[in-house]
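**Student:** Just dropping this structure here.
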């Protein structure tokens, strides 16, 4: 088995076709095709099913692709380290996040310190972003919740209460706060199952033995906000991510501890990779700066 054969296989698996793979690798299509066919013939396996110009990765191909993702991810780490160790004048930092709120401050700090660094951001729910870390498609992630996993290093960043929000014409809109029992039987609009805000909220409901009426499940904070504004149901959101509006009112829940958290997460095996280490250093500085800030003036706490 030759390195060039694995490289050609990986290019096709990533691009989805031999033509696109050849273009990305800057070689001729016959070269890519020959390398992949030689790999299949050597081991007596089928890595792709050909359908015209498109290809479908077989089960064997998917298993090999998981290996080549790790292989070439580590190769990129080695190349980046040797090419520009410590200077961070080149490179591509891939960041995953469940939302823009916390990660925006981190990205601004990265851009200020390393203006020549290329940064791409993927937004998804926690399950999707964790999988992208495990698949070596993301270098670091900013997540609201992280289950214990020996493969991952998680650094706590911040904590924020979850609030209920209602349309301005709702009977609860004139209230300054509510008790969790008042949500029993109320129509609610919730995030998809992978949402950590939903998870924290449902755990609090279970502890209080409260059962609202779920009328709609929607993926995405913006869509939830619009649904609540139109009166479809009550919503919940992290206080830090609530976007005020004339037609919406946010209400703290006085008798339930419901929080979302921000964690910076990476693979333990990559925690000292050049780009990951630099991102973690910036996060440590931001955490220290947050710890030194006094509480926001005028913020009222509801008990």
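**Student:** Hey, could you check region 107-129 for residues that are within 18 Å of the chain's Cα centre (by Cα) and in a loop (DSSP other than H, G, I, E, B) and say which is modelled with the lowest pLDDT?
**Tutor:** 125
**Student:** When you look at residue 142, is it in the same structural domain as residue 99 (by TED's automatic domain parsing), surrounded by fewer than 17 Cβ atoms within 10 Å (Cβ to Cβ) and part of a strand (DSSP E or B), yes or no? Please lay out each step first, then the result.
**Tutor:** Details: in the same structural domain as residue 99 (by TED's automatic domain parsing): yes; surrounded by fewer than 17 Cβ atoms within 10 Å (Cβ to Cβ): no; part of a strand (DSSP E or B): yes.
When the stated conditions are applied, residue 142 does not pass them.
**Student:** Further, regarding this structure: Please determine whether any residue of region 232-249 is free of Cβ contacts under 8 Å to residues at least 12 places away in the same chain, on the phi < 0 side of the Ramachandran plot and in a helix (DSSP H, G or I). Before the answer, list the steps.
**Tutor:** First, the residues of region 232-249 that are free of Cβ contacts under 8 Å to residues at least 12 places away in the same chain: 244.
Subset that is on the phi < 0 side of the Ramachandran plot: 244.
Applying the additional criterion that residues be in a helix (DSSP H, G or I) yields none.
Checking region 232-249: not a single residue is free of Cβ contacts under 8 Å to residues at least 12 places away in the same chain, on the phi < 0 side of the Ramachandran plot and in a helix (DSSP H, G or I).
**Student:** Please indicate, with yes or no, whether at least one residue in region 211-218 is in contact (Cβ under 8 Å) with a residue 12 or more places away in the chain, farther than 25 Å from residue 111 by Cα and either assigned to a helix (DSSP H, G or I) or in the same structural domain as residue 105 (by TED's automatic domain parsing) (or both). Let's see the steps before the verdict.
**Tutor:** Step one: of region 211-218, the residues in contact (Cβ under 8 Å) with a residue 12 or more places away in the chain are 211-218.
Then keep just the ones that are farther than 25 Å from residue 111 by Cα; that gives 211-218.
Those left that are additionally either assigned to a helix (DSSP H, G or I) or in the same structural domain as residue 105 (by TED's automatic domain parsing) (or both): none.
No, region 211-218 has no match at all.
**Student:** Suppose the filter is closer than 30 Å to residue 199 by Cα, modelled with pLDDT under 90 and either surrounded by 13 or more Cβ atoms within 10 Å (Cβ to Cβ) or outside the structural domain of residue 9 (by TED's automatic domain parsing) (or both); does residue 132 pass it?
**Tutor:** On the way: closer than 30 Å to residue 199 by Cα: yes; modelled with pLDDT under 90: no; either surrounded by 13 or more Cβ atoms within 10 Å (Cβ to Cβ) or outside the structural domain of residue 9 (by TED's automatic domain parsing) (or both): yes.
The answer is no for residue 132.
**Student:** Could you please find all residues in region 183-207 being in contact with a helix residue (DSSP H, G or I) (Cβ under 8 Å, 6 or more places away or on another chain) and buried (at least 17 other Cβ atoms within 10 Å of the Cβ)? Spell out how you get there, then give the answer.
**Tutor:** Of the residues in region 183-207, the ones in contact with a helix residue (DSSP H, G or I) (Cβ under 8 Å, 6 or more places away or on another chain) are 183, 189-192, 194-196, 204-205.
If the condition is that a residue be in contact with a helix residue (DSSP H, G or I) (Cβ under 8 Å, 6 or more places away or on another chain) and buried (at least 17 other Cβ atoms within 10 Å of the Cβ), then 183, 189, 190, 191, 194, 195, 196, 204, 205 are the ones that fit.
**Student:** Take the conditions in contact (Cβ under 8 Å) with a residue 40 or more places away in the chain, farther than 19 Å from residue 146 by Cα and outside any helix (DSSP H, G or I) and apply them to residue 207. Does it pass?
**Tutor:** Numbers: in contact (Cβ under 8 Å) with a residue 40 or more places away in the chain: yes; farther than 19 Å from residue 146 by Cα: yes; outside any helix (DSSP H, G or I): no.
Against the criterion (in contact (Cβ under 8 Å) with a residue 40 or more places away in the chain, farther than 19 Å from residue 146 by Cα and outside any helix (DSSP H, G or I)), residue 207 does not qualify.
**Student:** Here is a further query. Which members of region 135-151 meet the condition of being modelled with pLDDT of 95 or more and closer than 14 Å to residue 194 by Cβ?
**Tutor:** Within region 135-151, just 141 meets the criteria.
**Student:** Hey, another quick one. Considering each of 283, 264 in turn, give the residue that is under 17 Å from the mean Cα position of the chain (by Cα), in a helix (DSSP H, G or I) and under 30 Å from residue 109 (Cα atoms).
**Tutor:** On the way: 264 fails: in a helix (DSSP H, G or I).
The unique qualifying residue is 283.
The values are calculated or read from the model by the stated rules, or taken from the named source; none is laboratory data. Remember, predicted model here, so these are calculated numbers, not experimental data. So basically every Cβ, Gly included, is an ideal-geometry build from the backbone, and we count neighbours across all protein chains shown.
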